[in-house]
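Where a number appears in this text, it was derived from the coordinates with a stated rule and is not lab data. Keep in mind the model is a prediction, meaning the values are calculated, not measured. Note: ideal-geometry Cβ built from the backbone for every residue, glycine included; neighbour counts use all protein chains shown.
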Amino acid sequence: MRITGISAVVVNARMRNWIFVKVETSEPGLWGWGEATLEWKTKGVTGAIEDLAVLLIGQDPLRIEHLWQIMHRQYFWRDGITGMSAISGIDQALWDIKGKEAGKPVCELLGGPVRDTLRYYDHLGGGSLEGMYRTSDPEHFAEGVRRSMERGFTAVKAMPIPVSELIESPVTLQHAARCVEAMRLAAGDGCDILLDLHARTTPAAAMQFGRMLAGYNLFWYEEPCWPENVDALVEIARALPFPIATGERLVTRWGFRELCEKRACAIVQPDVSHCGGISETRRIAAQAETYLMSVACHNPQGPVAVAATAQVAFATPNYLIQEVVRNDVPWRDEVVIAPVQVAGGVGYPPTAPGIGIEVNEAEAARHPFQPEVTMACFHRDGSVADW
């Protein structure tokens with residue numbers, strides 16, 4: 001069996017262009033799907049997929065580790081987030097092929113399920129653009145938590161920390177605290193609250209906010225500053241009373257190495273569509289396990305990434321909880337056959353061969369590439385801010 005074709009299917013989902021990767025083989029009817037979605041980098045990723053295809057056409061798709069090494073090392077220049085996203089999508093598709101060829105779900109090939117259920121957390125508003133990024137009123141945050149709990153979720157992530165100044169003012173700090181207070185009052189003790197700072201904050205501002213929020217029993221405090229500055233993350237982690245989560249913008253085990261060595265967080269968040277695919281996520285998780293750190297993969301992408309990530313989650317002992325988006329576009333589940341079901345905020349071990357889904361290419365073609373919605377953010381003085 002040989003690889004005969006590698007192509008990208010781009011599906012516009014408003015805030016993201018989902019990049020589905022199809023790897024075809026010489027075996028009739030046998031192909032694999034992966035996802036390499038990377039917001040605002042769509043053409044860069046699809047171009048990188050084309051570059052990698054030159055190396056892989058004619059190769060045996062079942063030699064996954066060998067092919068991963070070829071993609072990562074053969075072109076001399078190490079890939080950043082764009083190239084690694086391309087590798088990630090292809091790697092997922094290769095695992096899909098291997099699982100289908102064996103007639104088993106990928107998690108079985110990774111050693112078998114280590115848990116009976118997988119806990120999912122919801123996004124405020126189900127992950128809609130407005131619910132996540134354009135909510136600023138305390139009551140909106142409270143109502144979002146209530147709606148998630150009505151759907152059976154026992155954990156909700158939100159972004160009550162605004163686009164922030166280098167050092168924040170009392171009025172901004174107090175408003176953020178009121179938003180978190182409203183969420184906690186709505187949740188009671190029956191729902192965990194996860195706060196995402198989106199690296200909008202400097203270490204100093206992150207600690208300012210964190211000290212204001214210390215009494216609300218946060219499940220985690222995500223991306224409090226740029227992940228490149230590991231020593232700053234260490235400082236934040238030592239200063240605040242709740243777990244730090246980070247890693248969505250890091251790639252490969254080498255990108256996570258210093259984070260683990262310095263115990264700069266409690267939860268690592270590799271993205272199966274960015275960090276190097278299923279293969280590399282497993283290695284990152286094993287590395288984190290040696291430092292008693294948990295894994296909770298970043299996963300706000302499309303339905304193919306949800307399926308691939310679930311395979312990793314069920315086979316990873318130190319997996320904590322899984323991100324899921326359900327309300328970014330109303331036709332989300334229509335572009336795949338047999339999407340992952342998240343009933344009541346809980347998932348169950350996959351049983352279908354491969355990663356468990358197929359892309360409905362006819363339905364996907366109804367949503368062709370368009371430029372994503374941009375998120376331009378600026379400080380009060382007009383200087384550029386992180387969104």
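Here are the numbers for the structure shown:
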item	result
Charge tally in the Cβ shell below 12 Å around MET84, where Lys, Arg are +1 and Asp, Glu are -1, MET84 excluded	0
nm² value of the averaged projected area, convex hull over the Cα atoms of the range 252-323	4.1 nm²
Distance (nanometres) between label positions extended 7 Å along Cα→Cβ at ALA286 and VAL114	1.1 nm
Square roots of 5 times each gyration tensor eigenvalue, C-alpha, the range 199-293, largest first, Å	24, 13, 11
Amide hydrogen neighbours beyond the local backbone of TYR121, cut-off 5 Å, H modeled	GLN322, GLU323, VAL324
Anchor LYS41: lysines whose Cα lies under 24 Å away (excluding residues fewer than 8 positions away in-chain)	LYS22
Amide H partners (placed H, <5 Å) of CYS225, local residues excluded	ALA199
Simple spin-label estimate for ALA102 and LEU185 in nanometres, 7 Å along Cα-Cβ	5.3 nm
Compactness of the chain, expressed as Rg and Dmax over alpha-carbon positions, Å	20.3, 65
Cα-Cα P(r), the range 70-178, percent of pairs per 10 Å interval	12, 22, 23, 26, 15, 3
Rounded tilt (10° steps) of 138-150 against the dominant C-alpha axis of the chain	50 degrees
